[in-house]
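These notes are about the structure you will find just below.
The values are calculated or read from the model by the stated rules, or taken from the named source; none is laboratory data. Quick caveat, the model's predicted, so the values are computed rather than measured. Ideal geometry is used to build each Cβ from the backbone, glycine not excepted, and the neighbour counts take in all protein chains shown. Keep in mind that these areas ignore ligands, DNA and RNA; they rest on the heavy atoms of the full protein, side chains included. Shrake-Rupley method; radii C 1.70, N 1.55, O 1.52, S 1.80 Å.
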Amino acid sequence: MTKKLVIAIDGPAASGKSTLAQALADDLDYLYFDTGVLYRAVTYAALEGGVDTRDGQAVTQLAEEAVIDVEPTDGGNGTDFRVLLNGKDITGSLRTPEVDAHVSVVAAYRGVRQALNEQQRRIGMRGGVVMVGRDIGTVVLPEADLKIFLDASVEERARRRFEELRDQGSQISLEAIAESIQQRDKIDAERDIAPLKPANDSRLIESDGLDIDGVLAEAKALVAKKLQDA
């Protein structure tokens, strides 16, 4: 029987890592798990509840008390999921500009990360999973069989996010999105807890100029090599 790998995919905001992880999980018939939705769920909960995201103690308490579930949806290819916060489906509210603007601050709190890391590890170590985030290969699953770091220029990432939000009816400008991404990059890279960086043994994929098929082809080649060497 073919070994079921533990695959970690990390990368900066809007690099396309979630799209890649979902496509790769579908191709391999693995579980797709976007850990970023947990931090987005806490951020959403704070914004909805009027909790100041700059108050680390209050946000940490919220993360510790919130009941967050990630479960597959019915139908489709089996890799789609929905996010429940205290029993309420909040999936459609997790990628708004408001959540985008606050999630990196929330994710930088030590207590928040500790509250969510154990759940992530428990899911990941079962194997047969493609887990995506910002510190999966370095902190959450350092023993992952394959670690991929997906990167792209700020300009490319801003363009992708602009098109995504435009299709959703948002009026936010390309310049505002680029500024937000640059700020998130700075916060993610400079935070004291689990800063964004490639693991020492991660494989880098630069996605500028590549569509999803091209990125997926590179990732599948890495998986094939890993399975061959296993």
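Here are some notes:
- Taken together, Leu24, Leu116 contain a single residue that is closer than 24 Å to Lys220 by Cα, modelled with pLDDT of 90 or more, open to solvent by less than 60 Å² (accessible area, probe 1.4 Å) and in a helix (DSSP H, G or I), which is Leu24.
- Cβ-Cβ contacts under 7 Å between residues 6 or more apart (or on different chains), taken from a first residue in the stretch 203-226 that is more than 14 Å from Asp151 (Cα to Cα) to a second residue that is open to solvent by 60 Å² or more (accessible area, probe 1.4 Å) and not in a loop (DSSP other than H, G, I, E, B), are listed as Lys220/Asp27; Leu222/Arg203.
- Pairing each residue of the stretch 92-111 that is closer than 21 Å to Ala178 by Cβ with any residue that is among the charged types (D, E, K, R) and open to solvent by 30 Å² or more (accessible area, probe 1.4 Å), provided the two are 6+ apart or on different chains, yields C-beta distances under 7 Å for Val105/Arg54.
- Filtering the stretch 134-148 for residues that are under 20 Å from Ala189 (Cβ atoms), of a type in the set (Gly, Ala, Ser), at pLDDT below 90 and under 17 Å from the mean Cα position of the chain (by Cα) leaves an empty set.
- When the stretch 41-60 is limited to residues that are free of Cβ contacts under 8 Å to residues at least 60 places away in the same chain, within 22 Å of the chain's Cα centre (by Cα) and closer than 14 Å to Arg110 by Cβ, the one that is least open to solvent (accessible area, probe 1.4 Å) turns out to be Val59.
- Of all residues making up the stretch 33-72, the number that are small (Gly, Ala, Ser) and in contact with a helix residue (DSSP H, G or I) (Cβ under 6 Å, 6 or more places away or on another chain): 4
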